[in-house]
Amino acid sequence: MSPPLRALLGLALGLAFTGCIPDRAGTARAVGDGGVRAHDGGTRDAAPPSDATAGTDADAPGDAGDDDGDAGAPPLDAGPPPEVAFEVRLDGTSCPALTPCGGTLDETRWELTGGCVAFPQVNELRRACASATVSGTGTARGRVTFSGGTMRRELSATWRGAVSVPRGCAAFVGGCDGVANTVRVNVPGATVSCPADAAGDCACTVTVSPPLDDTAPYRVEGEQFVTDAPARRWSFCVTGDALRYAGASGAVEPGTFAFRRL
């Protein structure tokens, strides 16, 4: 067994579960795949999206209820945005790279359609305990508006993870209770349960559901949009009625997010 399992569990689980779901401060925590296959050699819930823009429909029509001509907040009759699936990769591979192309953002609004996130840090857990497994599913919904030089993001996600730690490895952190405590310390706000199964292994479930509602002045610089407070950059590409963006700096948002125009 490699050096202190507790430290590696903390690193791997902390990074795996807190990597990508946005919180109110604009940071991010892990997003799952909403029933899409987890690329971790684990269970398969459904066929994986074909690419990083899973669920994106570049030809999707605008919102039939959007007749007020206001490019600010979505119209009152738009209703809540639908939940969509994300692809999550837990096998050490990366999501398909975003090719920035820029485009017009101001006076536009967008609805989330999918994306892809990757957590190669989970390999640390496997190196500490080769038979440990991590898989995840999840959903997300939300809208992004660019209007009058201001960007507003209203996004929410629910990430549900399954962590299996054999009893031999769990013994180094105090058994299943120790595994659960390690997850709680590294995933603030998570709901964690780690009962022992019939074999004495720890079968943990983890759920995280933080929201994001942030507003900030923005500007476009080439093929990136930028905010100064806090200082963040995203590479983006607008193609027809589709938008994709990925955090470039200052925003801990691994992977690519896809939207359709409203």
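General observations
- Across segment 122-258 the C-alpha pair distances fall into 5 Å bins from zero in the proportions 2, 9, 14, 18, 13, 10, 10, 9, 8, 5, 2, 0 percent.
- Evaluated at q = 0.18, 0.27 Å⁻¹: base-10 log I(q)/I(0), Debye formula over Cα of segment 105-176: -0.80, -1.18
- Debye-sum result for segment 213-262 in log10 I(q)/I(0), which assumes one identical scatterer on each alpha carbon, at q = 0.13, 0.24, 0.28 Å⁻¹: -0.30, -0.98, -1.19
- The spread of Cα positions in segment 101-141, taken along each principal axis and listed from longest to shortest, comes to 50, 22, 10 Å.
- Short-range pairs are left out: with C-alpha atoms under 8 Å and at least six residues apart, the relative contact order of segment 179-262 is 14 percent.
- Once the Cα-Cα distance is subtracted from the 0.36 nm per residue extended length, the V185 to R219 segment shows a gain of 8.5 nm.
- For the Cα trace of segment 139-196, dividing Rg by the Kirkwood Rh returns an Rg/Rh value of 1.28.
- Distant-in-sequence amide contacts of M151, defined by a placed amide H-H separation under 5 Å and a gap of 5 or more residues or a different chain, comprise A216, Y218.
- Shape of segment 77-119, Cα gyration tensor, a/c cut at 1.5: oblate
- FRET efficiency for the C101 to A198 pair, using the beta carbon distance and R₀ = 51 Å, is estimated at 0.45.
- At R0 = 35 Å, FRET efficiency that the Cβ-Cβ distance of T239 and A162 yields, to 0.05: 0.50
FYI, it's all coordinate maths here, none of it is from the lab. Keep in mind that this is a model prediction, so the values were computed, not measured. Cβ coordinates were reconstructed from backbone atoms using ideal geometry, including for glycine residues, and neighbour counts include every protein chain displayed.
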